[in-house]
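Chemist: One structure coming up, written as structure tokens, with questions to follow.
The values are calculated or read from the model by the stated rules, or taken from the named source; none is laboratory data. In this text, all values refer to a predicted model and were calculated from it rather than measured experimentally. Cβ: placed from backbone, ideal geometry, glycine included. Neighbour counts: every protein chain shown.
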């Protein structure tokens, strides 16, 4: 099953995991220590994040480290950009309207 970035961020636990590993690569155990859930539940979230290509893993000896793939996160920014332009345009129109109203006073 092909997953996308929006499935990765749809769950608050996965967003929390993303925030954790954005700072540094972490082992599954270190990640699990930050959440009140079983290691199996964390593993399920990690599998989804990996399938969405938001995180990648690297092996160092017997340890596995998950790290954030920041380029994949840029997909969210690109998608939001279209709406950002709309909002900014509306704010600019509102600013112009407010200036016009103030000049009339």
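Chemist: Can you tell me which residue in segment 32-52 is nearest to residue 76 (Cα to Cα), limited to those that are surrounded by 16 or more Cβ atoms within 10 Å (Cβ to Cβ) and under 16 Å from the mean Cα position of the chain (by Cα)?
Modeler: Only one residue tops the list, namely 52.
Chemist: May I pose another question? Can residue 9 be described as at pLDDT 95 or above, under 18 Å from residue 70 (Cα atoms), touching a helix residue (DSSP H, G or I) at 6+ places or on another chain (Cβ under 9 Å) and surrounded by 14 or more Cβ atoms within 10 Å (Cβ to Cβ)? Before you say what the answer is, go through the steps one by one.
Modeler: Values: at pLDDT 95 or above: no; under 18 Å from residue 70 (Cα atoms): yes; touching a helix residue (DSSP H, G or I) at 6+ places or on another chain (Cβ under 9 Å): yes; surrounded by 14 or more Cβ atoms within 10 Å (Cβ to Cβ): yes.
So residue 9 does not fit the description; no.
To keep it simple, each residue is scored yes or no on (1) in a helix (DSSP H, G or I); (2) modelled with pLDDT under 90; (3) in contact with a helix residue (DSSP H, G or I) (Cβ under 9 Å, 6 or more places away or on another chain); (4) closer than 29 Å to residue 14 by Cβ.
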| position | (1), (2), (3), (4) |
| --- | --- |
| 42 | yes, no, yes, yes |
| 46 | yes, no, yes, yes |
| 50 | yes, no, no, yes |
| 67 | no, no, yes, yes |
| 73 | yes, yes, yes, yes |
| 93 | yes, no, no, no |
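Chemist: Starting from residues that are in contact with a helix residue (DSSP H, G or I) (Cβ under 8 Å, 6 or more places away or on another chain) and assigned to a helix (DSSP H, G or I), keep the ones in segment 23-40 and report whichever is farthest from residue 70 (Cα to Cα).
Modeler: Here the residue is 39.
Chemist: Looking at 80, 57, which is the one that is closer than 22 Å to residue 11 by Cβ, under 18 Å from the mean Cα position of the chain (by Cα), outside any helix (DSSP H, G or I) and without any contact (Cβ under 8 Å) to a residue 24 or more places away in the chain?
Modeler: Details: 80 fails: outside any helix (DSSP H, G or I).
Matching residue, one of 80, 57: 57.
Each row is one residue, and each column tells you yes or no for (1) touching a strand residue (DSSP E or B) at 6+ places or on another chain (Cβ under 9 Å); (2) farther than 24 Å from residue 3 by Cα; (3) without any contact (Cβ under 8 Å) to a residue 24 or more places away in the chain.
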site	(1), (2), (3)
18	yes, no, no
49	yes, no, no
63	no, yes, no
87	no, yes, yes
